[in-house]
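The values are calculated or read from the model by the stated rules, or taken from the named source; none is laboratory data. Nothing here was measured: the structure is a model prediction, and the numbers come from that model. Backbone-built Cβ (ideal geometry, glycine too); neighbour counts: all protein chains shown. Accessible surface is based on the protein model in full, side chains and every heavy atom, while ligands, DNA and RNA are left aside. Shrake-Rupley method; radii C 1.70, N 1.55, O 1.52, S 1.80 Å.
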Amino acid sequence: GSPVHLGCSAEGRPPPLLTWFRGPQVLREEPGAAALPLHLAQVSPQDSGTYTCVAENRHGRHNRSLELHVAYAPRPPVLNGTLWVLAGEQ
């Protein structure tokens, strides 16, 4: 449920096309941008996967990838009527 922010920046002449991929799927692209952030709001385990930023112009292509693993946060304990907690005890 937390947000994740990924950054990508590149310089080139001519300015590169920046593209974010998750696997083969294009998530976001911007021609001529110096930076292209990717914001994932309220991530879940379904957002796990390989994210790749590609910078490309007529002179070549460069990329960087990262693997995102999303796990559920620990659940609070469930208390029932048979549990006693004494003051000062953990």
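The table below gives the values:
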| quantity | calculated |
| --- | --- |
| Identity of the residue in segment 1-60, within 20 Å of Ala71 (Cβ to Cβ) and of a type in the set (D, E, K, R), that ends up most open to solvent (accessible area, probe 1.4 Å) | Arg22 |
| Test: residue in segment 65-86 that is open to solvent by 70 Å² or more (accessible area, probe 1.4 Å), at pLDDT 95 or above, among the basic types (Lys, Arg) and over 11 Å from the mean Cα position of the chain (by Cα) | no |
| Those residues of segment 2-17 which are of a type in the set (A, V, I, L, M) and under 17 Å from Thr50 (Cβ atoms), in sequence order | Val4, Leu6 |
